[in-house]
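Enquirer: One structure, pasted below without further comment.
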Amino acid sequence: MTAKVLTTTEQLLRNSEYASALSSLEALDASLLSSRDYGFYCILLTEANAYLGTYDERFIDEAVEIFRHSVETEMFARAKYAKGWLLSLQGMHADAKQVLLEAYANYLRCGKKHKAGLVLNRLAYGSLQTGNTQSAVENLENAIRIYEEIGDNLHQTRFAINLAGVLWSSGRLTESLSVFSEYGPSVSASEEKLAVVFFYNSAIPYALKGDIKEARRRIAKCKPYLDKYPREKAIYFENLGWINILDGKYAAAEKALKEGLELSLTIAPESALISQNKRLFGDLYIATEKYDLAEKFASEALVVAEKINERVEIAACWRIFAQVAQHRSEEAQAREWFDKAIDLFNLIGTRYELAVARYLAAASGLYSKSERTAMLYMAREYFEAEGITPFIAKVETQLSRQPSPVNVDKTSDGCPNIITVNDDMKKLLDLAEHVAQSEMTVFLTGDTGTGKDLLARYLHFCSGRKGEFVTVNAAAIPNPMIEAELFGHTKGAFTSAEAERKGLLELADKGTFYLNEIADATPEFQAKLLEVLETREVRKLGSNKSKKVNFRLIAATNHDLKARMHDGHFRVDLYHRLNEIPLTLPPLSARTEDIAPLVQHFLKEAGFTANGDGADHFAAVLALQEYPGNVRELQARVKQLVTVGKNDIDRMIALAKQSGSERERTLKALESCDWNRREAALLLGVSEATVRRRIEKYALTQPVTD
């Protein structure tokens, strides 16, 4: 009888009848259960409570211990899965990840691939909440692959819908709609509940892009089935309210959100359902200029969002507070809220919400002209890339009110020469010109050799700053020398300080401080840099006086700084300071149309004098090859070929056509003394010592010139 009750309860949970499931469990006398049944009871009780927004870990901990010492690997995995889910719902995502990975491994161990896929879905949720969107995407793609392998079309479609949801929630609307389009035909042959989720989820990216008609058409398809699924019904009303806000139908939005909130409170009073719904009320009341109500609902949403660590909603609440403070003319407070919201949206990678926050901040009038222009251009770049028509128009209106940027004379001798015909690079340079005069920190990312150093100099040139461009490698300064190098020292400050010396930051006063390899900075360096960014003051070693410095910081790295931060190797607060204006340079493989003009440019740099068909042929040959080292590798390759080919275009073309193995055989040609050792080293991209060793290996008898 007991086993039957537990089985019935499990079915109630599958049918989303959470309150009934909990009542069924509470009617049992747990003291009469066997050890195994009690463990199962604890799992079901935890799951029922979690769906209803109660996060009590006592029962699941007992279940974990019961099944840890049993032979039931699957039940142990299920207990771990429930435990990880519970931790995740409470916002303890790092702890949840470790527990869920154990569940995943144990499900695979007992051959339950289907359930392993469920764990990947939970891992994706945690990754999304912590801002690691790519990890969430990868987990869901792996889950989809599992279900495709085992022929489970229902779960494959279900997790594809989840994947599309992750994509649109992170602002990748076009990709999201592509996934919805791919799996849409599968939904009609699936269960009703899945169809409801599909249609209310796929409606949102259409609404965000401005296609309200299609959004309404899709969400209307949910209506016939809503009464069967209370949780889905609550989300339906929430999304309908959101669509009405975007459409300016505020009375209808208020009505829908109220219905959704009432349902959510009966289902899970401290869950994401509540925080999202109340935050949308905040946005609604901002739009209708009911600022006290906006603040009230955003404050209530924030309490729940902070409890479950739902950072998208936390940042969205801060954005509402900023607008409330702006209305009350509390300018300093409003700017602080906007800055916090922008920083957090940027950190967790929610690109749509970030662009909206930047637009609202720029339109607030709280920032300088250059800061407003920078934020508007960054917002426009995203809105145009995703085709979000309502905000494109709004941004253009704001930009029309902005003063024109200072005209940059790109023909000036001091202007760095950036060669490109690629549309994305042109947009990047246009953005760089417009943000250059801002005081905001620019963060350059991109693979090695993509041109970060050159873009940093371009930004300095376009900024109009009269001070120096000071370049520093963050990884090259040893800890004992950090203060002396950054701040300078007075005479006698330490044994070898024979004269007063300016620090690097003071040298950059009224100019640009370019900090390369920032991801490799030591914790001590990070701490000192953060201190200066907060105070804008330096104090020489041996001095009691501080000096104000006015520099523009540009930081760069070819590493994933978010990953370093998540691993604890980089400070979160410093990341916020650095990432105000992120600019990412594309690899050369993404701008192959630039290879030919770059080759022509590098030929001139290398002193090649001939032009015409030969030079064009040479550029065409190199354009067909790959360059993992990007522009820098291409530049080195051209220089090598010009040097080794001795300015003979036919010889250069022949060398350019050689594969790696052919270049190896070219080394043997040293027997005829056609090229000397230095030239061979250039051609092969190795040291002269390596050339010497290879010559010895081939037992070449002819002398080689040096």
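Enquirer: Highest mean first, what order results for 632-640, 124-132 on Cβ atoms within 10 Å?
Expert: For the peptides 632-640, 124-132, the packing ranking is 124-132, 632-640.
Enquirer: Which of Cys222, Cys415, Cys317 has the fewest other C-beta atoms within 10 Å, and how do the rest follow up to the most?
Expert: Ranked by crowding around the Cβ, least crowded first: Cys415, Cys222, Cys317.
Enquirer: So, one more: Starting with the highest mean, order 454-467, 26-39, 616-629, 433-446 by the number of other Cβ atoms within 10 Å, averaged over the residues of each peptide.
Expert: Descending packing order for the listed peptides: 433-446, 454-467, 616-629, 26-39.
Enquirer: Something else now. Please compute the net charge surrounding Ser16, taking Lys and Arg as +1 and Asp and Glu as -1 over other residues with Cβ under 11 Å from its Cβ.
Expert: My count for the surroundings of Ser16 gives +3.
Enquirer: Tell me, what is the percent relative contact order of the chain, built from C-alpha pairs under 8 Å that lie six or more residues apart?
Expert: 7 percent.
Enquirer: Measure up Lys394/Lys562; Lys528/Lys548; Lys452/Lys510; Lys83/Lys115 against 19 Å on the Cα-Cα distance and list the ones that go over.
Expert: Beyond 19 Å between Cα atoms: Lys394/Lys562; Lys452/Lys510.
Enquirer: Loop only per DSSP, at most 16 neighbouring Cβ atoms within 10 Å: give me the trypsin sites (Lys or Arg not before Pro) in the stretch 138-234, ordered by residue number.
Expert: Qualifying residues, ordered by number: Lys221.
Enquirer: Could you give the size of the charge dipole of the chain about its Cα centre, using +1 on the Cβ of each K and R and -1 on the Cβ of each D and E, expressed in debye and rounded to the nearest 20?
Expert: 640 debye
Enquirer: Considering only Phe76, Val631, Met378, whose Cα is most displaced toward the positive end of the charge dipole of the chain, charges sitting on Cβ of Lys, Arg (+1) and Asp, Glu (-1)?
Expert: My answer, from the dipole projection, is Val631.
Enquirer: Once the piece of chain linking Asn15 and Ala636 is laid out straight, how much longer is it, given 0.36 nm per residue of separation minus the C-alpha distance between them?
Expert: Extra length available between Asn15 and Ala636 comes to 217.1 nm.
Enquirer: Quick one: compute a quarter of the convex hull surface over the Cα atoms of the stretch 13-55 and quote it in nm².
Expert: One quarter of the hull surface, i.e. the mean projection, equals 2.9 nm².
Enquirer: For the stretch 33-178, what value does the Rg/Rh ratio take when both radii are computed over Cα atoms and Rh is the Kirkwood radius, given to two decimals?
Expert: 1.00
Enquirer: How large is the Kirkwood hydrodynamic radius of the stretch 176-327, counting all unique pairs of alpha carbons, in Å?
Expert: Answer for the stretch 176-327: a Kirkwood hydrodynamic radius of 15.8 Å.
Enquirer: What distance in nm lies between label points placed 7 Å from Cα along the C-beta direction at Glu396 and Ala476?
Expert: Reported label-point gap for Glu396 and Ala476 is 4.6 nm.
Enquirer: Also, quick follow-up: In what order do Val572, Val549 fall by count of nearby beta-carbon atoms within 10 Å, going from fewest to most?
Expert: Fewest-to-most ranking of Val572, Val549: Val572, Val549.
Enquirer: Rounded to the nearest 0.05, what FRET efficiency do Asn544 and Glu498 give with R0 = 30 Å and r taken as the Cβ-Cβ distance? Could you check?
Expert: Working from the Cβ atoms, E equals 0.90.
Enquirer: How much FRET efficiency would the formula 1/(1 + (r/R0)^6) give for Val572 and Thr522, where r is the Cβ-Cβ distance and R0 is 22 Å, rounded to 0.05?
Expert: It comes to 0.85.
Enquirer: Could you give the length gained on full extension between Val421 and Arg145, defined as 0.36 nm per residue of separation minus the Cα-Cα distance, in nm?
Expert: In short, 95.5 nm is gained.
Enquirer: Let me ask another. Could you pull out the GluC sites (Glu not before Pro) across the stretch 131-236 that fall in loop regions by DSSP (anything but H, G, I, E, B) with no more than 16 other Cβ atoms inside 10 Å?
Expert: Passing sites in the stretch 131-236 are Glu191.
Enquirer: Between the stretch 587-653 and the stretch 311-362, how far is it from one alpha carbon centroid to the other, in angstrom?
Expert: Distance between centres, Cα-based: 47 Å.
Enquirer: Would you work out the charge dipole size for the stretch 267-364 about its Cα centre, treating the Cβ of every Lys and Arg as +1 and the Cβ of every Asp and Glu as -1, and quote it to the nearest 20 debye?
Expert: Charge dipole, the stretch 267-364, about its Cα centre: 180 debye, nearest 20.
Enquirer: Return the distance in nm (one decimal) between the two label points of a simple spin-label model at Thr490 and Ala252, each offset 7 Å from Cα along Cα→Cβ.
Expert: Placing both labels 7 Å beyond Cα along the Cβ direction yields 7.2 nm.
Enquirer: Please compute, over every Cα-Cα pair in the chain, the percentage with a separation greater than 49 angstrom.
Expert: Tail of P(r) above 49 Å: 30 percent of Cα pairs.
Enquirer: Roughly how big is the stretch 463-569's charge dipole about its Cα centre, with Cβ charges of +1 (Lys, Arg) and -1 (Asp, Glu), in debye to the nearest 20?
Expert: Here the stretch 463-569 has a charge dipole of around 580 debye.
Enquirer: Follow-up. Once Lys and Arg get +1 and Asp and Glu get -1 on their Cβ, which of Phe443, Val599, Phe570 lies farthest toward the positive end of the dipole of the chain?
Expert: With unit charges placed on the Cβ atoms, the residue in question is Val599.
Enquirer: Using only Cα atoms, find the angle between the long axis of helix 153-169 and the longest principal axis of the chain, and express it within 0 to 90 degrees, rounded to the nearest 10.
Expert: Approximately 60 degrees, to the nearest 10.
Enquirer: Could you work out how far apart the two model spin labels at Glu336 and Glu537 are, taking each label as a point 7 Å from the Cα in the direction of the beta carbon, and quote it in nm?
Expert: Label-label distance for Glu336 and Glu537, simple model: 1.9 nm.
Enquirer: Further question on the same structure: Over the Cα atoms of the stretch 434-586, Rg to Rh with Kirkwood Rh, two decimal places?
Expert: Looking at the stretch 434-586, the ratio lands at 0.97.
Enquirer: Based on other C-beta atoms within 10 Å, arrange Lys223, Lys4, Lys80 from fewest to most.
Expert: Ascending Cβ contact count within 10 Å gives the list Lys4, Lys223, Lys80.
Enquirer: Still on this structure, please answer the following. At R0 = 41 Å, how high is the FRET efficiency between Gln625 and Asp560 if r is their beta carbon distance? Nearest 0.05 is fine.
Expert: Plugging the Cβ-Cβ distance into 1/(1 + (r/R0)^6) gives 0.90.
Enquirer: Between the stretch 138-205 and the stretch 515-567, what's the alpha-carbon centroid distance in Å?
Expert: Between the Cα centres of the stretch 138-205 and the stretch 515-567 lies a distance of 43 Å.
Enquirer: Add +1 for every Lys or Arg and -1 for every Asp or Glu among the other residues with Cβ under 14 Å from the Cβ of Lys80, and state the total.
Expert: Neighbour charge sum, excluding Lys80 itself: -1.
Enquirer: Once fully extended, how much extra length lies between Asp152 and Thr8, figured as 0.36 nm per residue of separation less the alpha-carbon to alpha-carbon distance?
Expert: Length gained between Asp152 and Thr8: 49.4 nm.
Enquirer: Shifting gears a bit: Can you tell which of Ala103, Leu366, Ala456 lies farthest toward the positive end of the dipole of the chain, using +1 and -1 charges on the Cβ of basic and acidic side chains (Lys, Arg; Asp, Glu)?
Expert: Farthest along the dipole direction, towards plus: Ala456.
Enquirer: Can you tally the net charge around Val356? Count Lys and Arg as +1, Asp and Glu as -1, for every other residue whose Cβ sits under 11 Å from the Cβ of Val356.
Expert: Value of the local net charge: +2.
Enquirer: Another question, if that's okay. Between helix 192-209 and the chain, what is the angle of the helix's C-alpha long axis to the longest principal axis, kept within 0 to 90° and rounded to the nearest 10?
Expert: 40 degrees
Read-outs: derived from the displayed coordinates by stated rules, not from any lab. Because the structure is predicted, anything quoted here is derived from the model rather than measured. Glycine also receives a Cβ, built like all others from the backbone with ideal geometry; neighbour counts cover every protein chain displayed.
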